[in-house]
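Trainee: Okay, handing you the structure first.
The values are calculated or read from the model by the stated rules, or taken from the named source; none is laboratory data. Predicted model, so just to flag it, every value in this text is computed and none were measured. Cβ atoms come from the backbone with ideal geometry, glycine included; neighbour counts cover every protein chain shown. We work out accessible area using only protein heavy atoms, side chains counted, and drop any ligands, DNA or RNA first. Shrake-Rupley method; radii C 1.70, N 1.55, O 1.52, S 1.80 Å.
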There are 2 protein chains.
Amino acid sequence: MKEGIRIGLLGAGTVGSGTAKVLELNRKEIIERVGTPIEIRKVLVRNTRKVRPGFEQAVLTDRFEDILNDPEIDIVVELLGGVHPAKEYMLQALEAGKAVVTANKDVIAQYGHDLFAMAAAHHTEIFFEASVGGGIPIITPLKECLTANRITEIMGIVNGTTNYMLTKMSDCGSDYDSVLREAQQKGYAEADPTADVGGLDAARKAVILSSIAFNSRVKLEDVSVEGITKITPDDIAYAKNLGYVVKLLAVGKDTEDGINVRVHPVFLPKDHPLASVNGVYNAIFVHGNAIGDAMFYGQGAGSLPTASAVVADIMRAASDICHDRVTSTGCTCYEDKPVCPIEKTSSSYYVRLLVDDEPGVLAAIATAFGDAGVSLNSVIQTSRNVVDHAEIVAITHTIQHAKMQQAIHTIENLPVVDEVRNIIRVENGEDQ
Amino acid sequence: MKEGIRIGLLGAGTVGSGTAKVLELNRKEIIERVGTPIEIRKVLVRNTRKVRPGFEQAVLTDRFEDILNDPEIDIVVELLGGVHPAKEYMLQALEAGKAVVTANKDVIAQYGHDLFAMAAAHHTEIFFEASVGGGIPIITPLKECLTANRITEIMGIVNGTTNYMLTKMSDCGSDYDSVLREAQQKGYAEADPTADVGGLDAARKAVILSSIAFNSRVKLEDVSVEGITKITPDDIAYAKNLGYVVKLLAVGKDTEDGINVRVHPVFLPKDHPLASVNGVYNAIFVHGNAIGDAMFYGQGAGSLPTASAVVADIMRAASDICHDRVTSTGCTCYEDKPVCPIEKTSSSYYVRLLVDDEPGVLAAIATAFGDAGVSLNSVIQTSRNVVDHAEIVAITHTIQHAKMQQAIHTIENLPVVDEVRNIIRVENGEDQ
């Protein structure tokens, strides 16, 4: 058995320093479990003169080649983020026969296939547990523990920034802008929050989860994405009144019409297991044909939680290197399922309309919905939040997305309707 | 690579038939993932003449030796339940070099150590994911995904029968006896429900979870066990009023005073992730020094959910046999931590007293608690549920178990106190 495993870290930021801290903090346990110590031999940074707590100056380098060409380094741990040069570095490390551990959702979502192929060609492995759900074990459970299932549905709260914001809006009634500012001050949202609030971050994670769950490669461009920027305190208040909470979900469904993957806000019944996942917590809900419903919950980001997943992957890679074996399942996309476009999906919807405050308007709207083929579950009229107008809030029965779009087009052209203020999907367990 | 894996099933009951069904239902996926088909070659039953849907008559046998001595059988899947002869059969199978998959919490809790030793001695493996939490992946995540953590706490709702009963009592206000009868009629409780309602089933699972989480062997006799038989609709109603739900928890804590493992009902704050785990669902909540809080949720029993875990273990064992390797971590109890007796643990408590309905009784009780060194968080007096008497309900601040016992002894001897109706721990995040 090999004595001592040496790693090269790419990046010494939040997750990189967390990784160093966990390796040090639980050193004794790690040695017991792996059978040999794990040592950080080199760390790639931009500026080697900057002092970084937790790292000795001597291990810092600004040249990737120092890591790539060091024969003592067994595992390259990529924590740079972004596509380039992270992807190229990982491919080169795998080509050199080194194992790779990464937290990089961007690269795995877009180039996972190429990385798996490179690893297989060079008899080595790539692990990426931290790329989805931070510390939450979800990739390994999907690939190895739920493997006796045909998984038909996966739904996750996989973006901590937006979940923090929606939780705050719900708890305090604050509006979107003030909650975003607060999240930025607390470090939960970036200066440019577009990828989080616009849903792109969640979409990348949806691609990874769906590809694994459905054994078929999903591409980012197959994902229908809508963020939380249009959610108002009024929508959240209506949700509460109607027994729902508003969450941004990454959803993947394997239907008869193909795989549908999407990211959008939803009204979730308040007794749904995902409904009580609040703040920066993440959770992934899975439905399989044997296990039924299951859920995995934990912190979706942060230095130590994410390092928990990174270090577990390092330990697995280290064990495999010590035993001179490859145990990871590699690429599992052995099927090529069609994509089901969003228009063909069905759901129940919440619709909020600003209308003229005049007698008969509720009846007129209800009739118009009916004429457009939309059956309503409940309708509320209120003038609570508006002056000289009324608001009508409707929850529809399950209807195809394309038909709902047509109906909304009709509704917004009615003389009594001033504005379609929001349309949000309702997760009622019947949608597809 | 080996062509075809053959298994011998011990038992054709609920989980056995579920296992056969999942192997058949997801045959295509299983072949893709393992690389070769998995076939049930023999099934041990008591009566080979009884027709069993899902099993061909030809595979049935009433002699374990037919399975043990069949060189074609690679994996023995033990689904008999109970300690004997399940333990002996598993030991013999491992000694013969066969891999073992089991759902047997009784044997793993008491003899896991012997089974691991036998497996290691004969270069084979034993897997037992289904022994805790039915289909929920928890053993593999603990052993392989949270391995970078020092785990300090594990709390689980791990008994579906009692969780169904407590949920029903909470939803409908029904009493213990009627809910038990209903659970028996629906097949959620056995004719003799003692092991479930008395907490022994949960205690066995607590032993397994704690031994793995804390790397130290916990014995069943180390577990302090209290069931749900004393819980009344009044306790549940008070819990609701005070913002709690009542759950039966299996708790393991690794404290400075040693490992404390216990099973008992608790008042759980209604926003705790475990609080919304209802009906026959189970969940295991884990706190680690890197990941922080995490939770694993799913169906804790049932034919197909449990088979989901059994078949995943079979697939892992099959892959390892195909690659002629051992990948499971085996016994991880490399430490020998002391046991912290229940008396030294601390907690907040709910206390319900039947008292004389006379002026000053509330003050007298509050004073008596204070004199006994118990600081109270809140006290309620009500005469709602009683005639000619009053009830006093108190929630204490955190106090050591032994001191609380002494205080209760003093309180129950006060002239105004007629009866100590219940004492239930409150999980407030501060206990140890």
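Trainee: Return the average number of partner chain Cβ atoms within 10 angstrom of each residue Cβ along peptide B:282-294.
Mentor: Average neighbour count from other chains, rounded to a whole number: 6.
Trainee: In whole Å, what three semi-axes, largest first, describe the equivalent ellipsoid of the stretch A:257-355 built from its Cα gyration tensor (square root of 5 times each eigenvalue)?
Mentor: Values: eigenvalues 246, 97, 33 Å².
Semi-axes from the Cα gyration tensor: 35, 22, 13 Å.
Trainee: Projected onto the charge dipole of the stretch B:214-322 (+1 at Lys/Arg Cβ, -1 at Asp/Glu Cβ, origin at the Cα centre), which of B:HIS264, B:ALA317, B:TYR244 gives the Cα projection farthest towards the positive end?
Mentor: The listed residue farthest towards the positive side: B:TYR244.
Trainee: May I pose another question? Can you check what the Kirkwood hydrodynamic radius comes to for the stretch A:125-218, Cα pairs only, in Å to one decimal? Present the calculation step by step, with values, prior to reporting the outcome.
Mentor: Working: mean 1/r = 0.0674 Å⁻¹.
In the stretch A:125-218 this quantity evaluates to 14.8 Å.
Trainee: Heads up, I need the accessible area for B:THR61: 1.4 angstrom probe, whole protein in place, Å², nearest 10.
Mentor: Here the accessible area works out near 10 Å².
Trainee: Enumerate the calculated ³J(HN,Hα) couplings along the stretch B:195-211 in order (Karplus 6.51 cos²θ - 1.76 cosθ + 1.60, θ = phi - 60°), each rounded to whole Hz, writing x wherever the residue is Gly or Pro.
Mentor: 4, 6, 5, x, x, 5, 4, 5, 5, 4, 5, 4, 4, 5, 4, 5, 4
Trainee: Related question: Give me the distance between the Cα centres of the stretch A:255-291 and the stretch B:47-72, rounded to whole Å.
Mentor: 42
Trainee: So what does B:SER276 come to for accessible area, using a 1.4 Å probe and Å² rounded to 10?
Mentor: In the full protein context, B:SER276 sits at about 50 Å².
Trainee: Another question, then. Check each of the GluC sites (Glu not before Pro) in the stretch A:36-96 and keep only those in coil by DSSP with at most 13 other C-beta atoms within 10 angstrom; list them in order.
Mentor: A:GLU56, A:GLU72
Trainee: Related question: Net charge near A:VAL107, counting Lys/Arg +1 and Asp/Glu -1 over other residues with Cβ under 12 Å of its Cβ?
Mentor: Once all neighbours under 12 Å are counted, the net charge is -1.
Trainee: Same structure again: Of B:VAL386, B:GLY373, B:ILE411, which is farthest along the charge dipole of chain B in the positive direction, counting Lys and Arg as +1 and Asp and Glu as -1 at C-beta?
Mentor: Most positive-ward Cα: B:VAL386.
Trainee: Identify the GluC sites (Glu not before Pro) of the stretch A:171-229 meeting these criteria: DSSP loop state and at most 16 other C-beta atoms within 10 Å of the C-beta.
Mentor: Counting only loop positions with at most 16 other Cβ atoms within 10 Å, the GluC sites (Glu not before Pro) in the stretch A:171-229 are A:GLU190.
Trainee: Please list B:ARG325, A:ARG352, A:ARG384 from largest to smallest accessible area, probe radius 1.4 Å, with all protein chains kept in place.
Mentor: My answer, sorted largest first, is A:ARG384, B:ARG325, A:ARG352.
Trainee: Using 0.36 nm per residue, how much length does the chain from B:ILE423 to B:ALA96 gain when fully extended, once their Cα-Cα distance is taken away? Please list the in-between numbers first.
Mentor: Details: separation 327, 0.36 × 327 = 117.72 nm, distance 5.11 nm.
The B:ILE423-B:ALA96 span can extend by a further 112.6 nm.
Trainee: Something else now. How big is the accessible area of B:SER17 in square angstrom, nearest 10, if you roll a 1.4 angstrom probe over the protein chains?
Mentor: Here the accessible area works out near 40 Å².
Trainee: By the gyration tensor of its Cα atoms, with a ≥ b ≥ c the square roots of the eigenvalues, what is the shape of the stretch B:355-432: rounded for a/c under 1.5, prolate for a/b over b/c, or oblate?
Mentor: prolate
Trainee: Looking only at other chains, what is the average number of their beta-carbon atoms within 10 angstrom of each beta-carbon in A:14-26?
Mentor: 2
Trainee: Throw me the Rg/Rh for the protein assembly as shown, computed over C-alpha atoms with Kirkwood Rh, two decimals. Provide the component values of the computation, followed by the final result.
Mentor: Details: Rg = 28.6 Å, Rh = 29.1 Å.
For the protein assembly as shown, the value is 0.98.
Trainee: Also, I was wondering about something else. Return one number: the angle in degrees, 0 to 90 and rounded to the nearest 10, between the long axis of the Cα atoms of helix B:233-242 and the longest principal axis of the Cα atoms of chain B.
Mentor: 80
Trainee: Where the only charges are on Cβ atoms (+1 Lys, Arg; -1 Asp, Glu), what is the dipole of the stretch A:211-260 about its Cα centre, to the nearest 20 debye?
Mentor: For the stretch A:211-260, the charge dipole is close to 220 debye.
Trainee: Regarding the stretch A:77-128, what's the average projected area of the Cα-atom convex hull, expressed in nm²?
Mentor: Its Cα hull, projected and averaged over all orientations, spans 2.7 nm².
Trainee: Continuing with the same structure: Along the Cα-to-Cβ line of B:ALA363, 7 Å from the Cα, sits a label point; which residues in the stretch B:374-403 have backbone N less than 17 Å from it?
Mentor: Hits in the stretch B:374-403 for B:ALA363 at 17 Å: B:379-381.
Trainee: What nm distance separates the two modelled labels at A:SER378 and A:THR152, each placed 7 Å from Cα along Cα→Cβ?
Mentor: 2.7
Trainee: Could I ask something else about it? Against the longest alpha carbon principal axis of chain B, how many degrees, from 0 to 90 and to the nearest 10, is the axis of helix B:361-371 turned?
Mentor: Approximately 70 degrees, to the nearest ten.
Trainee: Could you sort A:MET1, A:MET90 by accessible area so the largest value comes first, with the probe set to 1.4 Å?
Mentor: On the way: A:MET1 135, A:MET90 0 Å².
The ranking, largest first, comes out as A:MET1, A:MET90.
Trainee: Here's another thing I want to ask about it. Whole angstrom only: what separates the Cα centroid of the stretch A:377-432 from the Cα centroid of the stretch A:103-172?
Mentor: 34
Trainee: Apply the a/c threshold of 1.5 to the C-alpha gyration tensor of the stretch A:291-420 and tell me whether it is rounded, prolate or oblate.
Mentor: On the way: a/c = 4.47, a/b = 2.52, b/c = 1.77.
The shape class here is prolate.
Trainee: Can you list, shortest first in nanometers, how far A:ALA117 lies from the same residue in the other copies, with each label 7 Å from Cα toward Cβ?
Mentor: 5.1
Trainee: Using DSSP to define loop residues, name the trypsin sites (Lys or Arg not before Pro) in the stretch A:15-46 whose beta-carbon has at most 14 other beta-carbon atoms within 10 Å.
Mentor: Sparse-neighbourhood loop trypsin sites (Lys or Arg not before Pro): A:ARG46.
Trainee: Further question: Around A:VAL379, what is the net charge, scoring Lys/Arg as +1 and Asp/Glu as -1 over all other residues with Cβ under 12 Å from its Cβ?
Mentor: Combined, the nearby Lys, Arg, Asp and Glu give 0.
Trainee: Roughly what % of Cα-Cα distances in the stretch B:217-287 sit above 18 Å, to the whole percent?
Mentor: Roughly 47 percent, rounded to a whole number.
Trainee: Another one. Projected area of chain A, taken from the Cα convex hull and averaged over every viewing direction, in nm²? Present the calculation step by step, with values, prior to reporting the outcome.
Mentor: Details: hull surface 86.7 nm².
Taking the Cα atoms of chain A, their convex hull projects to 21.7 nm² on average.
Trainee: Can you give me the C-alpha center-to-center distance between the stretch B:1-37 and the stretch A:174-229, rounded to a whole angstrom?
Mentor: 39
Trainee: Right, something else. From the helices alone, meaning DSSP H stretches of at least four residues, give me the mean residue ellipticity at 222 nm for chain B, per-run term -39500 (n - 2.57), in deg cm²/dmol to the nearest 500. Write down the numbers at each step before the final one.
Mentor: On the way: 13 runs with 147 residues, N = 432.
Value at 222 nm, helices only, nearest 500: -10500 deg cm²/dmol.
Trainee: Let me ask something else. On average, how much area does the Cα convex hull of the stretch A:58-148 cover when viewed from any direction, in nm²? Walk me through the numbers on the way to the answer.
Mentor: Values: hull surface 26.6 nm².
For the stretch A:58-148, averaging the hull's shadow over all directions gives 6.6 nm².
Trainee: Okay, moving on. Tell me which aspartates and glutamates have Cα within less than 13 Å of A:LYS168's Cα, excluding those fewer than 8 residues away on the same chain?
Mentor: A:ASP177, A:GLU182
Trainee: What's the magnitude of the charge dipole for the protein assembly as shown around its Cα centre, counting Lys and Arg as +1 and Asp and Glu as -1 at the beta-carbon? Answer in Debye, nearest 20.
Mentor: Computed charge dipole of the protein assembly as shown: roughly 1180 debye.
Trainee: While we're on this one: What translational diffusion coefficient, in µm²/s and rounded to a whole number, does the Stokes-Einstein relation yield for the stretch A:1-86 at 20 °C and a viscosity of 1.002 mPa s, taking the hydrodynamic radius as the Kirkwood radius over Cα pairs?
Mentor: In µm²/s, the coefficient rounds to 160.
Trainee: Another question, if that's okay. What number do you get for the stretch B:31-73 when its Cα radius of gyration is normalised by 2.2 N^0.38 Å, N = residues?
Mentor: Details: Rg = 12.3 Å, N = 43, 2.2 N^0.38 = 9.2 Å.
Against the empirical 2.2 N^0.38 Å value, I get 1.34 for the stretch B:31-73.
Trainee: Further question on the same structure: For B:SER375, which inter-copy label distances result when the label point lies 7 Å beyond Cα on the Cα-to-Cβ vector, reported in nm to one decimal and in ascending order?
Mentor: With the label placed 7 Å along Cα→Cβ, B:SER375 yields 6.0 nm.
Trainee: Place a point 7 Å from Cα of A:ASN385 in the direction of its Cβ. Which residues in the stretch A:317-357 have their backbone N less than 11 Å from it?
Mentor: A:352-354
Trainee: Quick check: net charge around B:GLU221, other residues with Cβ under 13 Å of its Cβ, Lys/Arg +1 and Asp/Glu -1?
Mentor: Combined, the nearby Lys, Arg, Asp and Glu give +3.
Trainee: Report the charge-dipole magnitude of chain A in Debye, nearest 20, computed about the Cα centre from +1 at each Lys and Arg Cβ and -1 at each Asp and Glu Cβ.
Mentor: 1100
Trainee: Further question on the same structure: To the nearest 10 degrees, how steeply does helix B:14-25 sit against the main Cα axis of chain B, on a 0 to 90 scale?
Mentor: That helix lies at roughly 50 degrees to the long axis.
Trainee: What ranking of B:SER375, B:SER346 comes out by heavy-atom accessible area, probe 1.4 Å, highest first?
Mentor: B:SER375, B:SER346
Trainee: Based on the alpha carbon coordinates of the stretch B:166-317, what radius of gyration and maximum Cα-Cα distance (Dmax) apply, in Å?
Mentor: 16.4, 50
Trainee: Of B:LYS28/B:LYS143; A:LYS28/B:LYS253; A:LYS98/B:LYS253, which ones are farther than 31 Å apart at the Cα?
Mentor: Beyond 31 Å: A:LYS98/B:LYS253.
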